[in-house]
Amino acid sequence: MNFYRATSRLFLLLLLGFNCIELAASAPNPELRVLIDVSGSMKQTDPKNQRVPALRMLVGLIPNNSRAGIWVFDQRARPLIPWDKVSDLWKKNALAASKNIHSRGQHTHIEQALETVIQEWAKPPPGTERHVIILTDGMIDIGRSTQENHASKVRLLAKLLPQFKSQNIKVHTVALSAHADHDLLKVVATETNGQYTQILAADNLHRVFFRLFEHSTRTDKVPLRGQSFAIDTSITDMTVAVFKKPGAKPTRLKNPDNQEWSYEQHPKQVDWHQEAQYELITVRAPTPGEWTLNADADPDNRVMVLTNLKLKSSPVPSAVLSGERFQVTAFLEQKDSKIVQRSFLQLVSFALRAEGSNTPDW
């Protein structure tokens, strides 16, 4: 029987003339804590330090007013950027701090790392979704003996794992090595309704972080139709994520006024972050109308938006069996008021999408 874990999401396809918005069922801003392994073995598993651009992508995508913190760990966990409300300043500091990710640490104390991020994590407001992402290439290694390493694993499963479950914290585990403790990482993710991913090449880490962001944060989108997408007056901000292959042509973005922008030349209301593997283009108060993205096609390219339209729904199961039945109710809000006009609702269709839990190796 097929099993769908932690990926059942309610989306609304909103059709207004030729425009279309895919709204995700809204929730209070998420809380995210990230753990990055900096043990010495990363010199072999991540020789180009792809953890840096991958983390920068995640930082660029985390929505303002959510709460987030980033730690690095080896024999102990240390904050890379403090736990705080996300703002433009927080992001600036996080991007600058990302250059401090290294591969010089000794040991891999996964238990202590997870214990650190759960400490003093106060009870959140109702409905808040809390997530932990832990990236490691190893097994528990606290540097003493096989017996003590095993005891640390037992404590993690017997003490820490129930805490994450009781506090409804989803733990997403990323294994950057064939030699990682895959059984442990799978159990931690599965038991907390998180996602487990094995990466065979660090070059794909930014895509994995991107998909974990999509899973952890309910983002609204407008669809790319070839190289075009439409923006309407309800949209206050948009972020275009462009994934690049080696030798990709320079990315260009053309607005409805036929003005073409690039990384080198764009207006002040545009933040354009460029890495070898991707670009993130954030536009505040985008002009309504048809936009053109001149970049190589990629299935992970996205146009994510902030809109004053919100989809509210009853809880959606995070894990379901194929053929299982459940009921979901949903409605639309605009500026915090429920939309009841039939002329508007006739333009709307709802859809619940479940994506399989089997994650490919990268």
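Conditions (1) of a type outside the set (V, I, T); (2) over 18 Å from the mean Cα position of the chain (by Cα); (3) surrounded by 18 or more Cβ atoms within 10 Å (Cβ to Cβ), marked per residue:
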position: A94; (1), (2), (3): yes, no, yes
position: N100; (1), (2), (3): yes, yes, no
position: R104; (1), (2), (3): yes, yes, no
position: I110; (1), (2), (3): no, yes, yes
position: I134; (1), (2), (3): no, no, yes
position: G143; (1), (2), (3): yes, yes, no
position: E148; (1), (2), (3): yes, yes, no
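Which one is farthest from F210 (Cα to Cα), of the residues in segment 46-74 that are of a type in the set (S, T, N, Q) and at pLDDT 95 or above? Out of the qualifying residues, it is N49.
Applying the selection to segment 175-190, what residues are free of Cβ contacts under 8 Å to residues at least 60 places away in the same chain, under 18 Å from the mean Cα position of the chain (by Cα) and over 26 Å from K123 (Cα atoms)? The one that is free of Cβ contacts under 8 Å to residues at least 60 places away in the same chain, under 18 Å from the mean Cα position of the chain (by Cα) and over 26 Å from K123 (Cα atoms): A175. Within the set of pairs 6+ apart or on separate chains, which have a first residue in segment 53-67 that is among the polar types (S, T, N, Q), a second that is open to solvent by 10 Å² or more (accessible area, probe 1.4 Å) and assigned to a loop (DSSP other than H, G, I, E, B), and C-beta atoms under 8 Å apart? These pairs meet every condition: N64/S87; N65/N29; N65/S87; S66/N29; S66/P30; S66/T217. Of the candidates R211, R218, the single residue that is on the phi < 0 side of the Ramachandran plot, within 18 Å of the chain's Cα centre (by Cα) and in a loop (DSSP other than H, G, I, E, B) is R218.
For segment 56-92, the set of residues classified as farther than 26 Å from T219 by Cα, open to solvent by 10 Å² or more (accessible area, probe 1.4 Å) and not charged (D, E, K, R) consists of V72, Q75, A77, P79, listed by residue number. Looking across segment 205-238 at every residue that is surrounded by fewer than 21 Cβ atoms within 10 Å (Cβ to Cβ) and of a type in the set (V, I, T), the one that is nearest to E129 (Cα to Cα) is identified as T217.
Here's the yes/no breakdown for (1) within 21 Å of the chain's Cα centre (by Cα); (2) surrounded by 13 or more Cβ atoms within 10 Å (Cβ to Cβ); (3) modelled with pLDDT under 80; (4) basic (K, R):
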site: V270; (1), (2), (3), (4): no, yes, no, no
site: E275; (1), (2), (3), (4): yes, yes, no, no
site: Y278; (1), (2), (3), (4): yes, yes, no, no
site: V316; (1), (2), (3), (4): yes, yes, yes, no
site: I339; (1), (2), (3), (4): no, yes, no, no
site: L352; (1), (2), (3), (4): yes, yes, yes, no
site: G356; (1), (2), (3), (4): yes, no, yes, no
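The residue list Q167, Q195 contains one member that is of a type outside the set (A, V, I, L, M, F, W, C), open to solvent by less than 60 Å² (accessible area, probe 1.4 Å), within 23 Å of the chain's Cα centre (by Cα) and over 18 Å from R51 (Cα atoms), which is Q195.
The set of residues in segment 221-252 that are over 23 Å from the mean Cα position of the chain (by Cα), under 30 Å from G127 (Cβ atoms) and not β-branched (V, I, T) comprises D232, S234.
The values are calculated or read from the model by the stated rules, or taken from the named source; none is laboratory data. The structure presented is a predicted model; accordingly, all values stated were derived computationally and were not measured. No Cβ is skipped: glycine too gets one built from the backbone with ideal geometry, and neighbour counts run over all protein chains shown. With ligands, DNA and RNA removed, areas are computed over all heavy atoms of the protein, side chains included. Shrake-Rupley method; radii C 1.70, N 1.55, O 1.52, S 1.80 Å.
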